[in-house]
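Below is one structure, written out as structure tokens; the observations come after it.
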Amino acid sequence: MSTLKGKVALVTGGSRGIGAAIARRLAREGAAVAITYAASPAKAAEVVHAIEAAGGRAVAIRADSSDVEAVRSAVAQTVKTLGRLDVLVNNAGVAAITPIDQVSLEEFDRLMAVNVRGLFVATQEAVRHMGEGGRIINIGSVSGDVALAPGMAVYGATKGAVAGLTRGWARDLGARGITVNNVQPGPVDTDMNPADGPLATQFKGQIAVQRYGHADEVASLVAYLAGPEGAFVSGASLNIDGGFTA
Ligand SMILES: NC(=O)c1ccc[n+]([C@@H]2O[C@H](COP(=O)([O-])OP(=O)(O)OC[C@H]3O[C@@H](n4cnc5c(N)ncnc54)[C@H](OP(=O)(O)O)[C@@H]3O)[C@@H](O)[C@H]2O)c1
């Protein structure tokens with residue numbers, strides 16, 4: 001597979017879970033890949049080594065998405081190290097389940113800073129380097145559309161904001177040949193939402209295909225959007241949820 005040969009991708013939060021699967025898949029498609037991480041340097045190094053062992057090119061950059069300067073610097077380092085930037089995958093995200101009478105302003109600010117402001121800053125910086133054929137792919141959530149359980153309002157609000165930014169940026173950037181899309185997973189088996197975790201029993205009963213998704217399945221959709229076949233998709237929020245919201 002070489003749909004992304006010669007391209008450079010930056011995946012935020014690429015050390016674990018969905019972001020790690022996306023980084024490996026884009027590398028398999030021929031892209032040189034930069035990943036950011038905040039707390040898991042060893043996991044980030046594993047992703048880089050796996051890509052290099054398969055003959056690809058990768059680099060890991062420590063950049064907490066809530067730190068504006070770190071995010072800007074990660075974009076600059078990607079361009080400096082790998083030579084250009086074609087695909088930005090805004091994947092880094094945090095979740096919390098806290099009902100309204102218990103959620104603190106600190107938690108509200110943390111979710112907004114990582115899931116919304118970090119994505120905004122990365123995109124603003126990345127598009128300065130992107131030309132015709134550029135791709136912005138945000139990882140939102142079906143939580144942006146649907147309140148899945150009590151305590152998920154703030155997380156859902158961050159993902160609703162991601163959908164709104166996606167639509168607006170598709171308009172801002174379309175004339176430059178850059179597409180912007182929002183991939184909205186349902187329950188996917190990762191550290192954030194393990195298939196045997198506290199919400200799993202409730203969630204599994206609501207998923208039409210009766211199982212959690214795999215990170216690789218989300219990565220497939222991202223690879224489609226990043227490649228030439230996805231060129232006419234823009235401004236879209238695409239659910240990948242096994243019929244969870246059907
Ligand atoms: N799993 C699901 O069911 C599901 C469903 C819908 C949407 N999503 C979305 O998919 C994305 C990935 O989720 P996941 O399930 O793969 O989560 P995960 O297993 O918890 O992995 C999160 C990734 O984001 C990174 N990250 C977390 N905080 C960060 C920060 N402040 N700065 C930079 N990187 C940070 C982590 O890196 P470090 O460990 O290095 O910090 C890790 O690589 C998120 O945006 C999430 O909201 C997940």
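The values are calculated or read from the model by the stated rules, or taken from the named source; none is laboratory data. Because the structure is predicted, anything quoted here is derived from the model rather than measured. Every residue, glycine among them, receives a Cβ derived from its backbone with ideal geometry; neighbour counts consider all protein chains shown.
At-a-glance table
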item	result
Subset of region 72-86 that is aliphatic (A, V, I, L, M) and in a helix (DSSP H, G or I) - its residue that is nearest to L4 (Cα to Cα)	L82
Residues (aromatic (F, W, Y) and surrounded by fewer than 20 Cβ atoms within 10 Å (Cβ to Cβ)) located in region 217-246	Y224, F232
Candidate set: region 43-57, residues that are within 11 Å of G30 (Cα to Cα) and of a type in the set (G, A, S); chosen: the one surrounded by the fewest Cβ atoms within 10 Å (Cβ to Cβ)	G55
Residue count for region 87-99, restricted to those that are crowded, with 17+ Cβ neighbours inside 10 Å, in a loop (DSSP other than H, G, I, E, B) and more than 8 Å from the ligand (Cβ to nearest atom)	1
Whichever residue in region 100-118 is among the hydrophobic types (A, V, I, L, M, F, W, C) and assigned to a helix (DSSP H, G or I) and, among such residues, is surrounded by the fewest Cβ atoms within 10 Å (Cβ to Cβ)	L105
Residue pairs meeting the criteria (Cβ under 7 Å; at least 6 apart or on separate chains; first part of a helix (DSSP H, G or I), in region 33-45; second near the ligand (Cβ under 6 Å from one of its atoms) and of a type in the set (D, E, K, R))	K43/R16
Pairs, first charged (D, E, K, R) and at pLDDT 95 or above in region 167-188, second crowded, with 24+ Cβ neighbours inside 10 Å and not in a loop (DSSP other than H, G, I, E, B), C-beta under 9 Å, six or more apart	R167/V180; R167/N182; R171/V180; D172/V180
Flag if L225 is modelled with pLDDT under 95 and under 23 Å from N115 (Cα atoms)	no
In region 135-159, residue nearest to the chain's Cα centre (by Cα) [restricted to those that are surrounded by fewer than 22 Cβ atoms within 10 Å (Cβ to Cβ) and part of a loop (DSSP other than H, G, I, E, B)]	D145
Qualifying residue in region 182-198 (condition: in contact with a His (Cβ under 8 Å, 6 or more places away or on another chain) and under 27 Å from F120 (Cβ atoms))	yes
Members of region 195-216 that are without any contact (Cβ under 8 Å) to a residue 40 or more places away in the chain and either surrounded by fewer than 14 Cβ atoms within 10 Å (Cβ to Cβ) or on the phi > 0 side of the Ramachandran plot (or both)	D196, P198, T201, G205, A208, V209, Q210, R211
Checklist (1) aromatic (F, W, Y); (2) touching a residue at least 60 places away in the same chain (Cβ under 8 Å); (3) more than 13 Å from the ligand (Cβ to nearest atom) applied to F232, failing item	(2)
Members of region 11-58 that are more than 9 Å from the ligand (Cβ to nearest atom) and of a type outside the set (A, V, I, L, M, F, W, C)	R24, R25, R28, E29, G30, E46, H49, E52, G55, G56, R57
In region 160-196, residue farthest from the ligand (Cβ to nearest atom) [restricted to those that are among the hydroxyl-bearing types (S, T, Y) and either under 18 Å from F244 (Cβ atoms) or in a helix (DSSP H, G or I) (or both)]	T166
Any hit, region 63-70, residues being part of a helix (DSSP H, G or I), crowded, with 24+ Cβ neighbours inside 10 Å and under 16 Å from the mean Cα position of the chain (by Cα)	no
